[in-house]
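The values are calculated or read from the model by the stated rules, or taken from the named source; none is laboratory data. Owing to the predicted nature of the structure, the values given are computational and were not obtained by experimental measurement. Cβ sites come from the backbone with ideal geometry, for glycine too, and all protein chains shown count toward neighbours. The protein model used for the area step is the full one, side chains on, heavy atoms only, and it has no ligands, DNA or RNA in it. Shrake-Rupley method; radii C 1.70, N 1.55, O 1.52, S 1.80 Å.
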Amino acid sequence: METRPYVQWELINNFMIDVFKAYGVPEQDAAICADVLLESDRRGIESHGCNRFKPIYLDRIKNGTLLPKTNIEIVKETPTTVVMNANNGLGMVASHKMMEMLIEKAKVYGLAGGTIYNSTHYGIAGYWTTMAEKAGMIGMTGTNARPSVAATFGVEPMMGTNPLTFTMPTDEEFPFNFDCATSTIQNGKIEFYERSGKPTPAGLLITKDGNTMTDSGEILRQMRAGNCALTPLGGLGEETGGYKGYGFTTIVEILSAALAGGPHTRALSGKNEKGENDFYRLGHFFFVINPEFFMGLDTFKSTTGDICRALRGSTKAPGAERIYTAGEKEWLSWQERKDLGVPVGEAIQKEFIQLRDECNLSYKFPFEK
Ligand SMILES: NC(=O)c1ccc[n+]([C@@H]2O[C@H](COP(=O)([O-])OP(=O)(O)OC[C@H]3O[C@@H](n4cnc5c(N)ncnc54)[C@H](O)[C@@H]3O)[C@@H](O)[C@H]2O)c1
């Protein structure tokens, strides 16, 4: 079992900002990106935190598929809507701007919605909906992604893991925050299993000949080669409702491409016709609802809290220790980690040292002897 020493939040935050800056990201944007990645670690989401720093952001800046300076263009704007072109810059920077704009609009008009096209990976979807929740509003978002999920009865990777995420304010210490992919598993979690030397549970993906695989490293290799696909929520076929997840994934694909105005399905591979690296040209959508324009924020919060408490207080299955509501585990993770810092596994330790040396920075990490 790998040991994962903790690194203090401030140290890792400053380090990430400095590395982003060395890669050409302006300081303010670097601070946003570091905060989005670390929010994943705060919430205990192992797949989208500092582990993604190098492969999904820095390596893509280096190979030219992500531009470090985000030229945000507001293409269309009304009192309640925004259409934004991220011009292949950082999706996290564009999404931050989008949520700031939508929250201001929803304060005045009650509802606001926006889309972004020509974007790149925007990290955990729940970061954006939590911005709305912190402003006393309901946040909803989704994004398309590199094709990795098959249609029900299909084997070809066609759609991304396409999260569909909501965060709602409650009268509790934590919100209702349902933030997950519309596939049974997402790529980041398989990467986490691989780094931890663990197999991927059976049945979560389908090979071209209709079988499943559990070797996490082999799955990632075969996925990159387009030889297997993840299944939508509900799993294979129709028996356990796989077509329902398939429907939700498709909804996210439609809103991210048709409403945002960008490519979809196979065209999101990050490769051009010659098989060379290309921009991902992702699309995202965001909606903000202000409860003050409905039953009022206090009523909304107490009823949502009541619903969550009723669910958690309902009769448990034999052997089950507790019932959770969405957002609770993430809050518990933060309670545990806030004084400890981020647990950093061996592969990430090596990446950090390599990045520090490459960028001529003088950080000393607690995991270094
Ligand atoms: N940007 C992208 O392209 C992209 C793509 C896929 C996923 N993601 C992100 O990856 C992250 C992880 O996604 P995932 O699909 O692995 O999530 P997951 O399967 O770990 O599910 C997480 C969600 O389920 C809730 N949850 C977990 N156990 C629960 C229980 N027992 N009872 C009630 N609720 C419970 C959590 O509170 C959380 O809301 C998310 O933040 C998502 O936004 C991003």
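Which helices (runs of 4 or more DSSP H) does the stretch 282-369 wholly contain that include 3 or more residues that are modelled with pLDDT under 95? So that I can check it myself, show each step before the final result.
Numbers: elements: 297-312, 328-337, 346-358.
Per the criteria, 346-358.
Residues that are more than 21 Å from Ile45 (Cα to Cα): list the strands (runs of 3 or more DSSP E) wholly contained in the stretch 165-239 that include at least 2 such residues.
On the way: elements: 176-178, 205-207, 228-230.
In the stretch 165-239, the matching strands (runs of 3 or more DSSP E) lie at 205-207, 228-230.
Would you mention how many residues in the stretch 303-314 are open to solvent by 40 Å² or more (accessible area, probe 1.4 Å) and either away from the ligand (no atom under 15 Å from the Cβ) or of a type in the set (D, E, K, R) (or both)?
First pass over the stretch 303-314, keeping only residues open to solvent by 40 Å² or more (accessible area, probe 1.4 Å): 303, 306-307, 309-314.
Subset that is either away from the ligand (no atom under 15 Å from the Cβ) or of a type in the set (D, E, K, R) (or both): 303, 306, 309, 312.
Summing the residues that are open to solvent by 40 Å² or more (accessible area, probe 1.4 Å) and either away from the ligand (no atom under 15 Å from the Cβ) or of a type in the set (D, E, K, R) (or both) in the stretch 303-314 gives 4.
Between Glu100, Glu104, Glu73, Glu39, which is surrounded by fewer than 17 Cβ atoms within 10 Å (Cβ to Cβ), of a type in the set (Asp, Glu) and within 19 Å of the chain's Cα centre (by Cα)?
Glu100
Search the stretch 71-96 for residues that are in a strand (DSSP E or B) and pair each with any residue that is acidic (Asp, Glu) when their beta-carbon atoms are under 7 Å apart and the residues are at least 6 apart or on different chains.
Within 7 Å, the pairs are Met84/Glu73; Asn85/Glu73.
Anything in the stretch 1-21 that is open to solvent by 40 Å² or more (accessible area, probe 1.4 Å), over 18 Å from Lys338 (Cα atoms) and aromatic (Phe, Trp, Tyr)? List them, or say none.
Within the stretch 1-21, no residue meets the criteria.
If we scan the stretch 246-255, do we find a residue that is at pLDDT 95 or above, closer than 30 Å to Ile74 by Cβ, surrounded by 21 or more Cβ atoms within 10 Å (Cβ to Cβ) and not β-branched (Val, Ile, Thr)?
yes
Applying the selection to the stretch 121-141, what residues are in contact with a strand residue (DSSP E or B) (Cβ under 6 Å, 6 or more places away or on another chain) and either away from the ligand (no atom under 15 Å from the Cβ) or open to solvent by 10 Å² or more (accessible area, probe 1.4 Å) (or both)?
Across the stretch 121-141, the qualifying residues are Thr130, Glu133, Met137, Ile138, Met140.
Suppose we keep only residues that are surrounded by 14 or more Cβ atoms within 10 Å (Cβ to Cβ) and away from the ligand (no atom under 15 Å from the Cβ) within the stretch 323-343. Which one would you say is farthest from Pro175 (Cα to Cα)?
Among those that are surrounded by 14 or more Cβ atoms within 10 Å (Cβ to Cβ) and away from the ligand (no atom under 15 Å from the Cβ), it is Pro343.
Is it true that some residue in the stretch 261-278 is without any contact (Cβ under 8 Å) to a residue 40 or more places away in the chain, part of a loop (DSSP other than H, G, I, E, B) and crowded, with 16+ Cβ neighbours inside 10 Å?
Checking the stretch 261-278: at least one residue is without any contact (Cβ under 8 Å) to a residue 40 or more places away in the chain, part of a loop (DSSP other than H, G, I, E, B) and crowded, with 16+ Cβ neighbours inside 10 Å.
How many residues does the stretch 179-203 hold that are of a type outside the set (A, V, I, L, M, F, W, C), under 18 Å from Gly237 (Cα atoms) and within 14 Å of the ligand (Cβ to nearest atom)?
Within the stretch 179-203, residues that are of a type outside the set (A, V, I, L, M, F, W, C), under 18 Å from Gly237 (Cα atoms) and within 14 Å of the ligand (Cβ to nearest atom) number 4.
Checking the structure you have, find out if any residue of the stretch 166-178 is open to solvent by 40 Å² or more (accessible area, probe 1.4 Å), near the ligand (Cβ under 7 Å from one of its atoms) and aromatic (Phe, Trp, Tyr).
Taking every residue of the stretch 166-178 in turn, at least one turns out to be open to solvent by 40 Å² or more (accessible area, probe 1.4 Å), near the ligand (Cβ under 7 Å from one of its atoms) and aromatic (Phe, Trp, Tyr).
Quick one: His48 ticks every box in (1) at pLDDT below 95; (2) of a type outside the set (A, V, I, L, M); (3) outside any loop (DSSP other than H, G, I, E, B) bar one, so which box is it?
Only one criterion is unmet by His48, namely (3).
Say we look at the stretch 180-200 and pick out the residues that are under 22 Å from Glu156 (Cα atoms) and modelled with pLDDT under 90; which of these is farthest from the chain's Cα centre (by Cα)?
Here the answer is Glu191.
Scan the stretch 144-163 residue by residue and report those that are open to solvent by 10 Å² or more (accessible area, probe 1.4 Å) and under 18 Å from His284 (Cβ atoms). Break it down into steps so the answer makes sense when it comes.
So in the stretch 144-163, the residues open to solvent by 10 Å² or more (accessible area, probe 1.4 Å) come out as 145-147, 151-159, 161, 163.
Within the stretch 144-163, Ala145, Arg146, Pro147, Met159, Thr161, Pro163 qualify.
Quick test of your reading of the structure: Ala31 fulfils all but one of (1) in a loop (DSSP other than H, G, I, E, B); (2) farther than 21 Å from Ser333 by Cβ. Name the failing condition by number.
(1)
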